[in-house]
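Student: Would you mind keeping the following structure in view while I ask a few things?
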Amino acid sequence: MKLSDFVIREAVLPDLAASTKEEVIREMVASLRTDGHVKNGDEEGIVKAILKREEQGTTGIGRGVAVPHTKHASASRLIGTVALSRKGIDFQSLDGEPVHILFLLVSPSDRPGDHLRALETISRHLRTDVFIRFLRQATTREKVWEVLDDADMNQLFS
Amino acid sequence: MDDDLVRRQLCVTNPEGLHARPAAKLVQLANQFQCEITLVRGSQRHDAKSIMDLMTLAAEQGSKLLLEARGCDAHVAADAIEKLFVEGLGDLDANPDDA
């Protein structure tokens with residue numbers, strides 16, 4: 001699976017305005033409304049579902065990364081977005097550190113495998129310091145796309 | 001000094017598989033022990049104390065994993081982890097979307 005298989009490029013947010021976990025999740029789900037990937041009527045339900053799951057256990061997996069996600073009936077396929085926070089968000093992460101990189105995933109109700117494969121893809125790339133470093137240095141949407149594309153083509157390893 | 005090597009067969013029972021949240025629970029538990037803790041599937045070995053390692057397992061419901069614990073507290077660790085898996089890593093009641 002490639003990152004480009006599920007990351008909606010127009011929804012990428014290189015500089016999050018929000019500063020709390022809830023606001024960030026709202027901002028990211030709102031960005032998925034571009035091109036109707038998420039419909040207006042579904043937005044609140046998706047945000048609530050993601051927040052509810054965060055209460056059950058944080059997706060702040062450490063190294064400044066979080067992977068908030070939910071299944072939702074409205075999703076016909078797995079979609080996601082990437083967002084960067086300059087200031088850092090408190091996500092109650094496993095390592096206690098603030099989060100600067102977020103991958104948000106919305107997946108169809110009946111295909112948990114897709115979601116797992118996306119997580120596997122994301123975490124495979126996150127294991128390289130270069131991926132994290134280049135993402136954090138990206139200041140524009142286009143620069144974020146470059147990092148994701150390079151990762152997909154395994155061009156990040158030098 | 002002889003390090004104990006303890007092995008257990010585990011099964012991923014929760015419907016959504018070993019995604020971020022249950023993986024985080026496992027990592028937090030594994031890090032409480034001194035021994036090395038590895039989850040093995042086929043030829044791949046994953047460090048249970050590393051969230052990134054665990055998420056690259058991408059273990060779906062029904063996956064069979066071999067737990068290997070090596071060290072002075074291997075038995076205690078293996079028991080605790082086995083129990084966590086039997087309990088579905090706290091994710092058994094993952095409901096379909098609420099909307």
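The values are calculated or read from the model by the stated rules, or taken from the named source; none is laboratory data. From a predicted model like this one, the values you see are computed outputs, not experimental measurements. Methodologically, a virtual Cβ is constructed for each residue, glycine included, from the backbone with ideal geometry; neighbour enumeration extends over all protein chains shown. Note: accessible area is taken over every heavy atom of the protein model, side chains too, but ligands, DNA and RNA are not part of it. Shrake-Rupley method; radii C 1.70, N 1.55, O 1.52, S 1.80 Å.
Student: Compute the helix-to-body angle for B:20-30: its Cα long axis versus the longest principal axis of chain B, expressed 0 to 90° and rounded to tens.
Tutor: Taking the Cα atoms of chain B, the angle to B:20-30 is about 20 degrees.
Student: Could you work out what % of the accessible surface of the stretch B:20-60 is carbon and sulfur, using a 1.4 angstrom probe and leaving DNA, RNA and ligands out of the count?
Tutor: That share works out to 40 percent.
Student: Using only protein heavy atoms and a 1.4 Å probe, how much accessible area in total is buried between A and B, to the nearest 100 Å²? List each step's numbers first, then the result.
Tutor: Working: alone 7820 and 5810 Å², together 11380 Å².
Protein heavy atoms only, the A-B interface buries about 2300 Å².
Student: I've got another one for you. Taking square-rooted eigenvalues a ≥ b ≥ c of the alpha carbon gyration tensor, is the stretch B:20-60 rounded, prolate or oblate, where a/c under 1.5 means rounded and, failing that, a/b exceeding b/c means prolate?
Tutor: Oblate.
Student: Next up: Relative contact order, percent, of chain B when contacts are C-alpha pairs under 8 Å separated by at least 6 residues?
Tutor: 45 percent
Student: Relative contact order of chain A: what whole-number percent is it, with Cα pairs under 8 angstrom and at least 6 residues apart?
Tutor: Worked out over chain A, it gives 27 percent.
Student: With charges only on Cβ, +1 for K and R and -1 for D and E, what is the dipole size of the stretch B:20-60 about its Cα centre, in debye, rounded to 20?
Tutor: Numbers: 5 positive and 4 negative charges, 19 e Å.
Dipole size: approximately 100 debye.
Student: On to the next question. Taking +1 at the Cβ of each Lys and Arg and -1 at the Cβ of each Asp and Glu, which of B:80, B:26, B:44 sits farthest along the dipole of chain B towards its positive end, judged by Cα position relative to the Cα centre?
Tutor: B:44
Student: What would the Debye formula give as log10 I(q)/I(0) at q = 0.10, 0.11, 0.16 Å⁻¹ for the alpha-carbon point model of the protein assembly as shown, no solvent?
Tutor: For the requested q values the scattering log ratios are -0.48, -0.58, -1.17.
Student: While we're looking at this one, here's another question. Measure nothing fancy, just the Cα-based angle from helix B:74-86's long axis to the longest principal axis of chain B, in degrees from 0 to 90, nearest 10.
Tutor: Around 10 degrees separate the two axes.
Student: One-quarter of the Cα convex hull surface for chain B, in nm²?
Tutor: That works out to 6.2 nm².
Student: Could you work out the relative contact order of the stretch B:20-60, using alpha carbon pairs under 8 angstrom and six or more residues apart, expressed as a whole percent?
Tutor: Averaging sequence separation for qualifying contacts and normalising by length gives 37 percent for the stretch B:20-60.
Student: Find how many whole Å separate the alpha carbon centroid of the stretch A:90-158 from the alpha carbon centroid of the stretch B:2-67.
Tutor: That distance is 21 Å.
Student: If you don't mind, there's one more thing I want to ask. Any idea what the dipole of the protein assembly as shown comes to, in debye rounded to 20, about its Cα centre with Lys/Arg Cβ at +1 and Asp/Glu Cβ at -1?
Tutor: 340 debye
Student: With the dipole of the protein assembly as shown worked out from charges on the C-beta (+1 for Lys and Arg, -1 for Asp and Glu) around the Cα centre, which of A:59, B:71, A:36 lies farthest toward the positive end?
Tutor: So the residue we want is A:36.
Student: In deg cm²/dmol and to the nearest 500, what is the mean residue ellipticity at 222 nm of chain A if only DSSP H runs of at least 4 residues count, each as -39500 (n - 2.57), divided by the residue total?
Tutor: Estimated from H runs of four or more residues: -13000 deg cm²/dmol.
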